[in-house]
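The values are calculated or read from the model by the stated rules, or taken from the named source; none is laboratory data. The structure displayed is predicted, hence computed values, not measured ones. Note that we place each Cβ from the backbone using ideal geometry, even for glycine, and neighbour counts take in every protein chain shown.
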Protein chains: 2
Amino acid sequence: MSKASLIIIGDEILSGRTEDKNLVYLAKWLGKLGINLSEVRVVLDEEEEIIEAVNALRKKYDYVFTTGGIGPTHDDITTESVAKAFGVETRIDDDALEKMREFLAGKELTEPLLKMLRIPEGGELIYSPATKAPGYKIENVFVMAGIPKIMQGMLEGMYDYLERGDILHSKSFDIMVGESFFAEELTKIQDTYPTVSVGSYPFSRDGVYGATIVLRSVKESDLDSCESAVKKLISNF
Amino acid sequence: MSKASLIIIGDEILSGRTEDKNLVYLAKWLGKLGINLSEVRVVLDEEEEIIEAVNALRKKYDYVFTTGGIGPTHDDITTESVAKAFGVETRIDDDALEKMREFLAGKELTEPLLKMLRIPEGGELIYSPATKAPGYKIENVFVMAGIPKIMQGMLEGMYDYLERGDILHSKSFDIMVGESFFAEELTKIQDTYPTVSVGSYPFSRDGVYGATIVLRSVKESDLDSCESAVKKLISNF
């Protein structure tokens, strides 16, 4: 499977003021393409932090997505930082400039608007049928806005640039007993089905402890066999 | 201000199956102590990934918090991984063992229960009035459960171990116009008030674009002056 990572850029996420919604959306969207979201970093609006994250993750993963920091205000520094991570300058995209002029229909093209047309040298704007605002890519780094609806539109445009992998199928089952009661049996199931990833995610609902057992595999037949074993385990409680 | 980071450990977050709730809670809780959450990483339940994140962040920040992966099942590998990050073995904590024996009152102390009593050598269990389940710390790394209610209880126990910093005061104001219309004026305000961090966070509500302007400073008087300037800016639209 291909592996992807996400860099969420923004002080407002780290202060707890804004709850990120893009991680879950991207994870599920990529999952349907057989691409595994494998790491996420949330960083401040600070150049050095963005550069470090971009350079660490673009070498480690097939794809890096970023959200946030591409607006027109002084605290939007994603594009400048991504350019520096690649050691290139930024440039105003001619095609974007033309589209903006059409859109403005004679109104003033201000500095803040010009700033939003800048992308790193070597980058490529990615238009989408779903939104007027384009994202862009440079090598394996895909840059998107932070506002969920705009991010989702930009992501649709990136579909054709991504190689699909084997779909990871999954099934999940709730067991209404604390994990310590079934941990040993579950380990045996994991050992018996090495092509299936067996996860146990505990929860407490109204003071009752339980867990969701999640099985994941690219092989559906192995998943089915493993499912039988898990159902047998659950029936013991 | 002191700086903290958070490592969210768990495949279920990265698959999009479970939405993390601990980032926002921790960010706000630390903010009240004058500690700045400055970076978050979400990593898979893989030893190498956890070790890398722990070792990178414990050197970079005053405090590192981790959530998830301390239960009794085979996919709970946080404690083993944290121990390896510090180059130490794990041990069963005597005090925790005694408490568990009392709790079990003669019932069998199974392997999965024993596993949960293990912490890295040099680590210290942290009990909390809010919960029976203790978290633990080793040097500047604080290890907590992933279930939000349990995590929140463990965090209360950690209060006394953290040095308070200057409280970052903040004020926020909505402006109902696209960012490009006020970006230049806002830059001037930021330049005039260097002790205030001026952020602009765009949103779209029912198709109308606007932004929340957030001012943050440890100096309340500077915040007040800056507030006047921002209110004047907003009144222009």
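Say we look at segment B:30-48 and pick out the residues that are surrounded by fewer than 18 Cβ atoms within 10 Å (Cβ to Cβ) and over 14 Å from the mean Cα position of the chain (by Cα); which of these is nearest to the other protein chains (Cβ to nearest Cβ)? Going through the qualifying residues, I end up with B:Glu46. Every test in (1) within 12 Å of another protein chain (Cβ to nearest Cβ); (2) out of contact with any strand residue (DSSP E or B) (no Cβ under 6 Å at 6 or more places or on another chain); (3) not polar (S, T, N, Q) is passed by B:Leu162 save one, and that test is (1).
For segment A:168-185, which residues satisfy the criterion of being in a loop (DSSP other than H, G, I, E, B) and either touching a Phe, Trp or Tyr at 6+ places or on another chain (Cβ under 6 Å) or facing another protein chain (nearest Cβ under 9 Å) (or both)?
To start, the set of residues in segment A:168-185 that are in a loop (DSSP other than H, G, I, E, B) comprises A:168, A:176-178, A:182.
Listed by number, the residues that qualify are A:Leu168, A:Val177, A:Gly178, A:Phe182.
Pairs meeting the criteria (first residue in segment A:210-237 and free of Cβ contacts under 8 Å to residues at least 40 places away in the same chain, second residue part of a helix (DSSP H, G or I) and of a type in the set (A, V, I, L, M), beta carbons under 7 Å, at least 6 apart or on different chains) are A:Cys226/A:Ile189. A single member of A:Lys132, A:Lys137, A:Lys149, A:Lys188 is modelled with pLDDT of 95 or more, surrounded by fewer than 16 Cβ atoms within 10 Å (Cβ to Cβ) and either out of contact with any helix residue (DSSP H, G or I) (no Cβ under 6 Å at 6 or more places or on another chain) or outside any loop (DSSP other than H, G, I, E, B) (or both), and it is A:Lys188. Considering only residues of segment A:1-29 that are more than 27 Å from B:Leu30 (Cβ to Cβ) and in contact (Cβ under 8 Å) with a residue 12 or more places away in the chain, which is surrounded by the most Cβ atoms within 10 Å (Cβ to Cβ)? The selected residue is A:Ala4. Within segment B:97-129, the residues that satisfy the criterion of being out of contact with any Ser or Thr (no Cβ under 9 Å at 6 or more places or on another chain) and part of a strand (DSSP E or B) are B:Glu124, B:Leu125, B:Ile126, B:Tyr127, B:Ser128. Of the set (1) part of a loop (DSSP other than H, G, I, E, B); (2) at pLDDT below 95, all apply to A:Thr195 but (2).
Selection of segment B:49-59 for residues being surrounded by fewer than 21 Cβ atoms within 10 Å (Cβ to Cβ) and closer than 13 Å to A:Arg41 by Cβ yields B:Glu49, B:Glu52, B:Ala56.
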